[in-house]
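No lab work stands behind these numbers, since they all come straight from the coordinates. These figures come from a predicted structure and were not determined experimentally. Every residue, glycine as well, gets a Cβ built from its backbone with ideal geometry; the counts of neighbours run over all protein chains shown.
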Amino acid sequence: MRHNRIVLAMSGGSGAIYGIRLLERLLAAGIQIHLCMSGAAEQVLRDELDVALDEFDEHAFLNEVRDVLDGYGFRPQDALLRGRLVRHDIGDWSAGIASGSFPTDGMVVCPCSMNTVAAIAHGISTNLIQRAADVHLKERRPLVLVPRETPLSPIQLENLARCARAGAIVLPASPGWYHRPRTLADLVDFIVARILDHLSVPHTLSRRWGESTPGTSTDPGA
């Protein structure tokens, strides 16, 4: 049963544009997004995309999201208005996503820092992102982790393997090239498309392997 509700967490890894594009595509699909960001993620948003979240205002934030996507060559138009955005503070333990009794269709941590990977791998819940991830593992719901780190130490590799054995999908931000990307937007959409696949959210963001006609993004909102 789908509840049209997905948790999107952003921790302090580089690659904030992946999380922002994913947020826009999920909202465009009419999904209710429960968004939680770490303090480090907010800093990365400022450093990489000039998005400030000192005082969160949904309308202002979505306008900044539009501006960022426009700068990368996407055309979000009014797609952000189709879904619903619910923001949770990382220290809010009363949030529904902290409990398994709150139904969701899955969770994504994008980008996912190695610190967050380590906490999830060892069942540590010191903030809402870690707790929500733990909930999704114990409830056997989809949990997609999108690390953007290189190279990887043996400790990091072991933590990622531990998460995978527990049921998480480890989906590194390593875009392919068989779809013949021409822009940064094409590379971003390759990863976002794979995330959407694992959340069972339909899309036409990039050409799939085996399709006869090479091309770039064909989604009307791309």
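Note on Glu48 and Gln156: their simple-model spin labels are 1.3 nm apart, each label 7 Å out from Cα toward Cβ. With contributions of -39500 (n - 2.57) from each DSSP H run of at least four residues, the per-residue ellipticity at 222 nm computed over the chain stands at -12000 deg cm²/dmol. Using θ = phi - 60° in the Karplus curve 6.51 cos²θ - 1.76 cosθ + 1.60, the 3J(HN,Hα) couplings for the range 95-110 round to 5, x, 5, 7, 10, x, 6, 8, x, 9, 9, x, 9, 10, 10, 8 Hz; x is entered for Gly and Pro. Averaging Cα coordinates gives a centre for the range 139-218 and one for the range 1-56; these two points are 16 Å apart. Taking other C-beta atoms within 10 Å as the exposure proxy, Tyr18, Tyr178 rank Tyr178, Tyr18 from fewest upward. Counting beta carbons within 10 Å around each of Cys112, Cys36, Cys163 and listing the fewest first gives the order Cys163, Cys36, Cys112. Once backbone amide H atoms are built at 1.01 Å from N, Val144 has Met107, Val108, Val109, Ile169 as its partners under 5 Å, excluding neighbours fewer than 5 places away on the same chain. Around the amide H of Arg84, modelled in the peptide plane, lie the amide H atoms of Ile31, Gln32, Ile33, all under 5 Å away and 5 or more residues distant in sequence or on another chain. The mean sequence distance of close C-alpha pairs (under 8 Å, at least 6 residues apart), as a share of the length of the chain, puts its relative contact order at 22 percent.
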